[in-house]
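Visitor: The structure under discussion is supplied below as structure tokens; questions concerning it will follow.
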Amino acid sequence: MKSRTAILCSVVLLSACAVRESNKEKAYVIAYNVHIPDTTKSDYDIFVMKMDGSDKRNIINNPDVAWTYAAFSDTLLFVSDRDTCYRCFFLYKADADGNNPKKISDLQLEDSWMSTRKNGEEIVVAGRIGKKIRHQLFIINKGTGLFSQVTNDTTARHGDPCFSPDGKRIVFSYKRNKRDRASHEELYLMNEDGSEMMQLTHYPEENPSAGEFGYRAGAAKWHPAENFISYVSLQDGRHSIFAVTPDGKRQWKLTDNEFGEGWHDWSSDGKWLVFNRSDWKETQYHIALMNWKTKELKQLTDTSYKAQQAPVFIEK
């Protein structure tokens with residue numbers, strides 16, 4: 001039988017190990033989407049790179065339109081039109097090296113961001129059923145491929161859904177009448193079952209960019225540790241990243257750099273922000289990484305490709 005002293009020492013050692021483990025920095029790689037010049041149709045592949053921009057690799061190498069919109073832990077989620085008609089998207093998964101790509105569900109998807117909850121087992125997406133049910137939100141079970149419909153307003157356009165950190169609410173881009181060209185989308189928030197929908201953002205109609213093509217409010221991401229939602233909006237001649245609190249009472253410009261900024265992702269610990277940025281005319285896209293605490297910013301890509309966009313973090 002162990003002595004009391006030995007038992008206490010063991011407890012202390014285990015506690016110390018637990019502290020070291022909890023303080024261990026998470027390791028990430030960044031996946032992003034690249035347009036590959038093609039003579040027949042659009043060819044998009046998914047690349048990965050380390051956090052310092054090294055070891056860039058094409059992990060898809062398929063003549064489809066493949067685009068990643070989310071990742072959970074070391075699993076990459078992407079849409080693809082492989083084995084079907086051009087830009088008829090379905091949901092696939094693969095590991096961080098692109099190995100073992102597998103179709104998740106038979107639900108056809110819209111071209112939209114998505115999000116996960118319950119340790120990556122459930123995915124909220126914008127999908128469609130046939131020609132009549134378009135731009136609605138669904139929740140897909142990653143294991144079975146089964147899905148349930150959350151919204152049922154076919155007059156409206158729902159897109160870019162993102163779960164709250166606790167998985168109980170969904171923020172999304174919403175256009176009340178998708179056929180009304182004079183109207184535009186705003187961010188809305190609702191419960192996971194579609195109830196209690198409320199408007200979050202209010203685009204400044206006096207803004208010089210109000211009449212131009214581009215996001216008014218879209219590609220929302222919920223910060224995993226702080227109480228705000230980031231999103232993309234075209235204002236003052238360029239796309240930038242803005243933020244809003246979940247009650248909609250405060251809205252502000254999150255980043256203010258000389259470039260246009262857009263699609264982005266937060267690391268799961270909330271310490272890093274990765275996004276694509278470009279010149280104002282959006283002729284060259286790069287991937288940039290920001291240390292959220294220090295605001296130190298680094299460009300990770302070069303001009304090998306013009307369109308390098310929509311990065312997401314994968315844990316390694």
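The values are calculated or read from the model by the stated rules, or taken from the named source; none is laboratory data. The shown structure was predicted, so the numbers you read here are calculated from the model rather than taken from an experiment. No Cβ is skipped: glycine too gets one built from the backbone with ideal geometry, and neighbour counts run over all protein chains shown. Only protein heavy atoms, including side chains, enter the accessible area calculation; ligands, DNA and RNA are left aside. Shrake-Rupley method; radii C 1.70, N 1.55, O 1.52, S 1.80 Å.
Visitor: Among the residues that make up the stretch 295-307, is at least one of them crowded, with 20+ Cβ neighbours inside 10 Å and among the acidic types (D, E)?
Guide: Looking for residues that are crowded, with 20+ Cβ neighbours inside 10 Å and among the acidic types (D, E), one finds none in the stretch 295-307, hence no.
Visitor: Which residues, counting only those in the stretch 229-267, are within 22 Å of E282 (Cβ to Cβ) and of a type in the set (F, W, Y)?
Guide: Y231, F242, F259, W263 - these are the residues of the stretch 229-267 that are within 22 Å of E282 (Cβ to Cβ) and of a type in the set (F, W, Y).
Visitor: Could you pull out the residue among E196, E192, E186 that is farther than 26 Å from I314 by Cβ and either open to solvent by less than 30 Å² (accessible area, probe 1.4 Å) or under 21 Å from the mean Cα position of the chain (by Cα) (or both)? Let's see the steps before the verdict.
Guide: Details: E196 fails: either open to solvent by less than 30 Å² (accessible area, probe 1.4 Å) or under 21 Å from the mean Cα position of the chain (by Cα) (or both); E192 fails: farther than 26 Å from I314 by Cβ.
Criteria check complete, one pass: E186.
Visitor: Okay, moving on. Could you list, in sequence order, all residues of the stretch 275-303 that are among the polar types (S, T, N, Q), without any contact (Cβ under 8 Å) to a residue 60 or more places away in the chain and assigned to a loop (DSSP other than H, G, I, E, B)?
Guide: T283, Q284, T294, T303
Visitor: Follow-up. Return the only residue of W272, W252, W266 being open to solvent by 40 Å² or more (accessible area, probe 1.4 Å), free of Cβ contacts under 8 Å to residues at least 60 places away in the same chain and of a type in the set (F, W, Y).
Guide: Details: W272 fails: free of Cβ contacts under 8 Å to residues at least 60 places away in the same chain; W266 fails: open to solvent by 40 Å² or more (accessible area, probe 1.4 Å).
Every option except W252 fails the conditions.
Visitor: Spot the failing condition for K168; the list is (1) closer than 27 Å to S73 by Cα; (2) surrounded by 15 or more Cβ atoms within 10 Å (Cβ to Cβ); (3) in contact (Cβ under 8 Å) with a residue 24 or more places away in the chain, and only one is missed.
Guide: Going through the list (1) closer than 27 Å to S73 by Cα; (2) surrounded by 15 or more Cβ atoms within 10 Å (Cβ to Cβ); (3) in contact (Cβ under 8 Å) with a residue 24 or more places away in the chain, K168 breaks only (2).
Visitor: Taking the condition of being at pLDDT below 95 and either acidic (D, E) or under 13 Å from H239 (Cβ atoms) (or both), how many residues in the stretch 279-295 meet it?
Guide: Qualifying residue count, the stretch 279-295: 4.
Visitor: Answer with yes or no whether P224 is closer than 19 Å to C162 by Cα and open to solvent by 20 Å² or more (accessible area, probe 1.4 Å). Break it down into steps so the answer makes sense when it comes.
Guide: Working: closer than 19 Å to C162 by Cα: yes; open to solvent by 20 Å² or more (accessible area, probe 1.4 Å): yes.
Taking the combined requirement at face value, the residue satisfies it.
Visitor: Quickly run through the stretch 255-274 and pick out the residues that are hydrophobic (A, V, I, L, M, F, W, C) and at pLDDT 95 or above. Let's see the steps before the verdict.
Guide: Just the residues of the stretch 255-274 that are hydrophobic (A, V, I, L, M, F, W, C), to begin with: 259, 263, 266, 272-274.
Hits for the stretch 255-274 are W263, W266, W272, L273, V274.
Visitor: Go through (1) modelled with pLDDT of 95 or more; (2) open to solvent by less than 60 Å² (accessible area, probe 1.4 Å); (3) in contact with an Asp or Glu (Cβ under 9 Å, 6 or more places away or on another chain) and name the single condition V244 misses.
Guide: Unmet for V244, out of (1) modelled with pLDDT of 95 or more; (2) open to solvent by less than 60 Å² (accessible area, probe 1.4 Å); (3) in contact with an Asp or Glu (Cβ under 9 Å, 6 or more places away or on another chain): (3).
Visitor: Now a separate question. Show me the strands (runs of 3 or more DSSP E) found entirely inside the stretch 166-274 where at least 1 residues are more than 25 Å from D153 (Cβ to Cβ). Talk me through it step by step, then tell me what you get.
Guide: On the way: elements: 169-175, 186-191, 218-222, 229-235, 238-244, 251-253, 260-266.
Per the criteria, 229-235, 238-244, 251-253, 260-266.
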